[in-house]
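The values are calculated or read from the model by the stated rules, or taken from the named source; none is laboratory data. It should be emphasised that the depicted structure is a prediction, and the values quoted were computed from it without experimental measurement. Virtual Cβ from ideal backbone geometry, glycine too; neighbours counted across all protein chains shown.
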Amino acid sequence: MLNYIWFGLMAVALVVAIFNGTAPAVTKGAIDSAKTAVEISIGLVGIMTLWLGIMRVAEASGLIAIFSRVVRPISRFLFPDVPPDHPAIGAMLMNIAANMLGLSNAATPMGIKAMEELQTLNDQKETATNAMVTFMALNTSGIQFIPATMIAVLASTGSKAPTVIIPTTIIATMSGAIAAVTATKLLQRFFPRDETPVIIEVGN
Amino acid sequence: MIRAALDAIGTWAIPVLLVGIPLYGLTKKVKVYDVFIEGAKEGFNVAIRIIPFLVGILVAIGMFRGSGAMDLLTNALRPLVEATGVPADLIPFPILKTLSGSGSLAYATDIAKRFGPDSRIARMAATMYGSSETTFYVLAVYFGAIGVKRTRHAVPSALIGDVVAAIVAVAVCAWLF
């Protein structure tokens, strides 16, 4: 899927550039984005190191296991392939809670920790599991209670009531999350983990 | 009242977690500093592992945006979306939001300035901005961090969520404001 989207975006860019004469902007887009991508990754080093350290303490002290137990009824429904006491559940819960509270700096390392835990349950390390995809659906939906960035933008441009977008954002983001998670459940059977059909060899 | 409580959480959550988690560890006789260092060692490698995935996806998106293909897409969708009564200026927004965090932030800010921050269209844009994440960035970072290349139904599921969130955002704002 990503192979086609990745190539498609670049191929469309080239074709449009031919007709629009925007080749210099396409070149600039490529070079600037490569630089931005590295800057983002390097910028994550400090915060990632801090939170992965703290997460290890939470794991070693049994805190993550406690979180896993608390959400067992929900996690059994969302992630049926993950054992209910597995540390992945606790890490996913911490990531989602941090996202909801708008603590995106802490949410990313927690989410990566959760993905690493899910990877320990994966027998094909380069292929996503159902649990990973469902967890990603929750993350790309960006569930949050306070859209702080947009409240700040509205306030700075002179809004009299910047917080009116809180209820509308919660309704929209929850709808998106429910739709995305439902989609993962309905689509998973159409995207089997083995792309090549299993060939059974019969004797010599 | 609720807002004050949520503001307090935003202000205090990080320091309380940074102290509270090791404190709980100490009560469980965990050598908190040693364990912290052990976990923290992974940080650098995880961040570096993300680089190729992020460069790949952001370069493709940067080229796409640079070419002006977004305008073509907007114009193609215009008759379809305008028939439903959605303001034409909002058409590129959900697509932009899926591809670029900084691009969509600039676009929403521009709408708030042009139409006024208390206009219906500004509230629609703000609600759309807050109702989903920058899908391709999120997928590149998380799958990149653990080296997963075959993402299966992750992209279609996430995009379905993005479309539903955008439609609900516009509908709720049209109804409330």
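Counting only residues that are touching a residue at least 40 places away in the same chain (Cβ under 8 Å), give me the helices (runs of 4 or more DSSP H) lying completely in the stretch A:97-173 with at least 2 of them. If you could, list the steps in order and put the result at the bottom.
Details: elements: A:104-119, A:130-140, A:148-156.
Here the list reads A:104-119, A:130-140.
Tell me whether the stretch A:46-54 contains one or more residues that are crowded, with 24+ Cβ neighbours inside 10 Å, at pLDDT 95 or above and within 7 Å of chain B (Cβ to nearest Cβ).
no
Within the stretch B:160-176, does at least one residue satisfy the condition of being over 22 Å from A:Ile166 (Cα atoms) and either buried (at least 21 other Cβ atoms within 10 Å of the Cβ) or of a type outside the set (Lys, Arg) (or both)? Spell out the reasoning first.
Quick first cut of the stretch B:160-176, residues over 22 Å from A:Ile166 (Cα atoms) only: B:160.
If we keep only those that are either buried (at least 21 other Cβ atoms within 10 Å of the Cβ) or of a type outside the set (Lys, Arg) (or both) too, we end up with B:160.
Yes: one or more hits.
Confirm whether A:Ile200 is exposed (fewer than 12 other Cβ atoms within 10 Å of the Cβ) and either farther than 21 Å from B:Ala106 by Cβ or at pLDDT below 95 (or both). Show your work before the answer.
Values: exposed (fewer than 12 other Cβ atoms within 10 Å of the Cβ): yes; either farther than 21 Å from B:Ala106 by Cβ or at pLDDT below 95 (or both): yes.
The answer is yes for A:Ile200.
I'd like the full set of residues that are part of a helix (DSSP H, G or I), of a type in the set (Lys, Arg) and more than 7 Å from every other protein chain (Cβ to nearest Cβ), limited to the stretch B:2-61.
Step one: of the stretch B:2-61, the residues part of a helix (DSSP H, G or I) are B:2-27, B:32-40, B:42-61.
Subset that is of a type in the set (Lys, Arg): B:3, B:49.
B:Arg49, the sole residue that qualifies.
Being of a type in the set (Gly, Ala, Ser) and either crowded, with 22+ Cβ neighbours inside 10 Å or touching a strand residue (DSSP E or B) at 6+ places or on another chain (Cβ under 9 Å) (or both) is the filter here, so list the residues in the stretch A:34-45 that pass it. Explain how you work it out, then say what you get.
Of all residues in the stretch A:34-45, those of a type in the set (Gly, Ala, Ser) come to A:34, A:37, A:41, A:43.
Matches in the stretch A:34-45: A:Ala37, A:Ser41.
Looking only at helices (runs of 4 or more DSSP H) that lie completely in the stretch B:96-177, which have at least 3 residues being farther than 21 Å from A:Met136 by Cα and free of Cβ contacts under 8 Å to residues at least 12 places away in the same chain?
Numbers: elements: B:101-115, B:120-130, B:135-146, B:154-176.
In the stretch B:96-177, the matching helices (runs of 4 or more DSSP H) lie at B:101-115, B:154-176.
So, in the stretch B:141-159, how many residues would count as being surrounded by 24 or more Cβ atoms within 10 Å (Cβ to Cβ) and among the aliphatic types (A, V, I, L, M)?
Of the residues in the stretch B:141-159, 5 are surrounded by 24 or more Cβ atoms within 10 Å (Cβ to Cβ) and among the aliphatic types (A, V, I, L, M).
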